[in-house]
1. For region A:165-305, what is the convex hull (Cα atoms) projected area averaged across all directions, in square nanometres?
2. What does the charge count near residue A:256 come to, summing +1 for each Lys or Arg and -1 for each Asp or Glu among other residues with Cβ under 12 Å from its Cβ?
3. What percent does the relative contact order of chain A come to when contacts are Cα pairs within less than 8 Å and at least six residues apart?
4. Using a 1.4 angstrom probe with every protein chain in place, what is the largest-first accessible-area order of B:84, A:88, B:271?
5. For chain A, modelled as a GNM with alpha-carbon contacts under 10 angstrom, which of A:298, A:179, A:267 fluctuates the most?
6. Counting helices only, and only those DSSP H runs with n ≥ 4, report the 222 nm mean residue ellipticity of the protein assembly as shown as the sum of -39,500 (n - 2.57) divided by its residues, in deg cm²/dmol to the nearest 500.
7. Projected onto the charge dipole of chain B (+1 at Lys/Arg Cβ, -1 at Asp/Glu Cβ, origin at the Cα centre), which of B:70, B:117, B:55 gives the Cα projection farthest towards the positive end?
8. Provide the solvent-accessible area of residue B:140, counting protein heavy atoms only and rolling a 1.4 Å probe, rounded to the nearest 10 Å².
Amino acid sequence: MAHISRRSVLQGMGAGVAALAAAGPLFNANKAFAAREKELNILCWEGYNSAQVLDPFRSQTGATVKAESLTNDPTMINRLRAGEINTWDLINVNNPWARKVMLPEKLIKPLPKAEFEPFFETMLPMFKPPYKWAMSEDGAELIGMAQRFGPYSYVVNTDKISRKTAEDTGWDLFNDPALAGKYGILESDDWNVFNIFIIAGIDPFKVHTPDEMATFEETAKKVFKGAKLIGDIASMNQALISGEIDLHMTGGTYSVSPARADGHPNLRGITPLKGPLPGGKGGIAWIEITSTVNNPNLSPLALDFLKYVQAPDVAHKVAFAEGTFNPVSQMGNKACFDLFTKDELDAIQWDSLQEEMDRSAEYDIVPDYDKALDLMNAAKRLRG
Amino acid sequence: MADLAIASPSEAAAESAAQLRRGRMLSVGARCALPVAILLGIGFLAPLVAIFGYAFATPRSFDVFASFTLANFATLFDTSNTVWLSFFWSCGLALLTVAILAVVAYPIAYGLNLVFGRWSALISVLFVFPLFVSENVRLYGWVLFFIKSGVLDGTLKWLGLPGGPEVLYTPGITLFGMVYTYLPFMLFPMTLGLALVPRDLVDAARDLGAGRLFIWREIELPLAMPGILIGMLLTFVLAIGATAEAKILGGQSIIVISHDIEIAFTYSQNWPLGSALAVVVTFFIGALTLFALSKLDLDRMLGRR
């Protein structure tokens with residue numbers, strides 16, 4: 001969604017006219033550069049496209065900043081593959097894509113390491129440099145900046161299922177016939193593929209045997225058949241609050257924090273104590289990495305924006321951008337952490353954040369995702 | 001005179017050149033239609049051509065117009081593919097929506113023409129008014145109405161009654177949502193259709209001793225049929241592509257065909273398969289519409305020939 005206010009358009013127009021006047025004699029020589037120096041296009045998850053984050057940057061730079069939010073990584077990456085590499089300056093996706101897909105495919109370009117690596121020093125301890133997901137596979141290049149992150153497994157209404165029961169039982173909650181018809185499934189299909197594998201007792205992030213795929217298919221049919229509803233974050237939170245459902249699959253701080261901030265602390269993202277992931281882990285966590293697109297005419301503002309969002313006050317705004325509230329890596333900096341109120345820390349489950357991250361594997365790419373997704377979509381159709 | 005004599009040949013030449021230019025140029029009508037033609041070319045035909053091109057591209061690729069394969073259609077028509085279920089639900093719900101709306105909208109259309117009198121305009125506005133509000137917002141409104149502890153359930157409990165029925169997240173509520181959403185699209189063509197029935201004919205039939213049912217069956221219904229059929233066609237075409245009702249009210253208790261197309265373009269990132277599905281659905285609806293229109297001879301129905 002592009003957020004362009006009348007003010008920003010007028011500012012942009014004014015700045016454009018001024019730039020034209022100033023660069024008049026050199027216009028032809030610097031045409032390409034002049035065309036992008038007051039323009040920045042960001043492809044991102046929701047939050048970075050909010051006016052709270054973008055408007056101060058627009059005011060500071062007089063630039064026209066457009067941000068479009070999408071709700072899954074492959075769609076964003078395919079936009080670049082389909083030829084929009086000339087359009088976008090920054091892309092903000094989950095951790096593995098930059099390092100494993102976008103850099104090898106030359107969809108993004110490295111950042112000036114000396115300029116940006118020091119920012120990681122002040123982040124939370126898990127982001128200490130060299131931070132794996134921000135680096136190229138060979139560890140030589142810095143390819144993105146980390147900011148928002150969070151555990152993302154399932155959400156329960158603790159008035160109906162206690163936190164302890166939910167953590168101890170783990171993903172078997174969704175194998176329990178007694179809970180059929182009492183849970184929802186968030187419409188976040190890449191994550192649902194991970195979770196169906198985990199419910200089936202299989203590590204999602206590996207190549208699967210035909211037997212494992214058959215188990216996945218059976219589990220998908222059972223889990224989707226037993227779901228009361230499938231829907232977006234708002235529908236899940238509404239159904240939890242009203243009592244239509246007691247828990248929902250695929251969820252965590254990112255999805256439940258708005259409801260918690262709205263006075264429903266009984267709703268809680270849960271990371272199970274155990275599971276089939278490496279190290280016996282049961283949860284999955286995501287970390288967003290923002291990279292500069294390999295745009296032949298990259299806006300010089302792209303790097304400025306990456307620095308801008310590191311500032312404590314802006315990082316706090318990013319954490320509490322409209323729609324979803326999340327921890328940010330910059331909370332390792334006291335100046336940033338102090339900006340968070342007690343209610344805000346409660347909303348993002350700061351009390352259990354570290355232990356939940358420790359119990360979570362990091363989001364990764366499922367090698368046979370396409371096949372698993374087709375099986376899951378077929379299972380969904382059998383709901384009716 | 002000398003000037004005139006000199007000027008004449010050049011004027012004649014200029015005139016003949018102008019005639020030639022006019023001959024080569026488009027007619028006035030064609031020139032006036034040019035902006036619309038360009039707009040349709042860019043806004044309507046171009047996306048259709050792109051979708052058509054993608055339908056024959058290598059699965060899960062972006063090789064549009066650079067590859068040709070029937071693999072996407074083979075996948076769709078594979079017997080193990082359950083996409084027919086989505087197609088079945090979309091067609092079934094669209095047919096049911098049309099049938100229910102025909103019964104519901106007819107009395108209202110009749111009332112708007114003959115019963116409500118000077119209130120007709122106001123009542124028409126009331127039916128049009130919801131169209132000014134986004135469909136999703138209206139559907140979320142219904143969720144708040146039907147949800148546990150929502151408007152209906154809460155009010156009934158407040159009155160000491162057992163509470164509202166559990167209707168959300170079912171195929172039934174999806175059908176309700178579709179009937180609600182598409183009511184105006186059936187109602188107004190039907191109202192126009194009924195307005196075409198000359199009252200003199202009805203009066204004459206009554207004078208000759210025809211009963212109410214006979215008049216309705218032999219005069220009103222056939223003469224109002226153009227409006228009724230157009231309403232049915234319009235509603236069916238819109239309803240078969242409906243997604244929001246099944247998602248928001250129905251909680252995806254069923255997957256409709258347009259949702260399957262959406263999944264192919266988003267999470268699956270299989271644009272060629274999504275395009276092939278869109279092409280199949282478009283051809284199905286197109287064929288059905290052309291068939292209906294071939295049976296629906298408006299000129300004959302309106303008595304113009």
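The values are calculated or read from the model by the stated rules, or taken from the named source; none is laboratory data. None of the values given here were measured: they were computed from a predicted structure. All Cβ positions, glycine included, derive from the backbone under ideal geometry; neighbour counts span all protein chains shown. With ligands, DNA and RNA removed, areas are computed over all heavy atoms of the protein, side chains included. Shrake-Rupley method; radii C 1.70, N 1.55, O 1.52, S 1.80 Å.
1. The orientation-averaged projected area of the Cα hull of region A:165-305 comes to 11.6 nm².
2. Once positives and negatives cancel, what remains is 0.
3. 24 percent
4. Largest accessible area first, the residues go B:84, B:271, A:88.
5. With Cα springs under 10 Å in chain A, the top fluctuation among A:298, A:179, A:267 is at A:179.
6. -16000 deg cm²/dmol
7. B:117
8. In the full protein context, residue B:140 sits at about 70 Å².
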